[in-house]
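*Asks:* Sending over a structure as structure tokens; questions will come in a sec.
The values are calculated or read from the model by the stated rules, or taken from the named source; none is laboratory data. Everything numeric here is computed off the predicted structure, so don't read it as measured data. Ideal geometry is used to build each Cβ from the backbone, glycine not excepted, and the neighbour counts take in all protein chains shown. Only protein heavy atoms, including side chains, enter the accessible area calculation; ligands, DNA and RNA are left aside. Shrake-Rupley method; radii C 1.70, N 1.55, O 1.52, S 1.80 Å.
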Amino acid sequence: MILTKRILFVVALAAIPLALTSCLGTDSTGVTLATVETTTFSSSLGVDLMASTRTTNGVYVRDVVVGPGAVVTAGQAINIRYSGYLSDGTLFDSNTNAALPLAVTVGATNLIRGFGEGLPGMHIGGTRQLLIPPALAYGANDYNGIPGNSVLVFNVQAVSVQ
């Protein structure tokens, strides 16, 4: 009986570093990833973390404008306009001036995971700000001019249902 308790104690102690590592957010290479909560955002982005809601996996969402239309659901095909920023306010992508909005399927694998988690629940015609941690974006790796380990800020307008 005492041996069993000692084994359980040793197993529990061994699990502590693993549990702490997973709380910090590491990628598959063991790099500790940035979090939304510890990121400093440019004031030009209008980030209000206290007014935002955190999803289960760490995306922060805030409806800047609640739209009059239907609620967006996972798996739904919608049209969006968006602007994507680094936390320092640098614009890295936008389709706000494109002739047509971008057609997306909410939660599709061709989108970064943070989009799939941040869009459901918004209303068509509304604008939502998404704060996406690197674990749900591009991780520790640079991607098309986005530095690795970047928290991303997206302002997304749900234009219409397809």
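*Asks:* Which residues, counting only those in segment 67-96, are of a type in the set (A, V, I, L, M, F, W, C) and either open to solvent by 30 Å² or more (accessible area, probe 1.4 Å) or within 21 Å of Gly107 (Cβ to Cβ) (or both)?
*Replies:* Ala70, Val71, Val72, Ala74, Ala77, Ile78, Ile80, Leu91, Phe92, listed by residue number.
*Asks:* Within segment 88-98, can one find any residue that is in contact with a Pro (Cβ under 9 Å, 6 or more places away or on another chain) and not in a strand (DSSP E or B)?
*Replies:* yes
*Asks:* Right, something else. Name the single residue that is most open to solvent (accessible area, probe 1.4 Å) among those in segment 47-61 being without any contact (Cβ under 8 Å) to a residue 40 or more places away in the chain, in contact with a strand residue (DSSP E or B) (Cβ under 7 Å, 6 or more places away or on another chain) and more than 13 Å from Val153 (Cα to Cα).
*Replies:* The extreme case among them is Arg54.
*Asks:* Just one of the numbered conditions (1) more than 15 Å from Leu102 (Cα to Cα); (2) out of contact with any Pro (no Cβ under 9 Å at 6 or more places or on another chain); (3) open to solvent by 10 Å² or more (accessible area, probe 1.4 Å); (4) aliphatic (A, V, I, L, M) is not true of Val153; which one?
*Replies:* (3)
*Asks:* Being out of contact with any Lys or Arg (no Cβ under 9 Å at 6 or more places or on another chain), at pLDDT 95 or above, in a loop (DSSP other than H, G, I, E, B) and aliphatic (A, V, I, L, M) is the filter here; which residues of segment 15-51 pass it?
*Replies:* If the condition is that a residue be out of contact with any Lys or Arg (no Cβ under 9 Å at 6 or more places or on another chain), at pLDDT 95 or above, in a loop (DSSP other than H, G, I, E, B) and aliphatic (A, V, I, L, M), then no residue fits.
*Asks:* Sticking with this structure for a sec: Scan Val64, Val104 and give me the residue that is surrounded by fewer than 16 Cβ atoms within 10 Å (Cβ to Cβ) and part of a strand (DSSP E or B).
*Replies:* Answer to the check: Val64.
Each row is one residue, and each column tells you yes or no for (1) of a type in the set (D, E, K, R); (2) modelled with pLDDT of 95 or more.
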| position | (1), (2) |
| --- | --- |
| Ile112 | no, no |
| Glu117 | yes, no |
| Ile132 | no, yes |
| Asn141 | no, no |
| Asn144 | no, no |
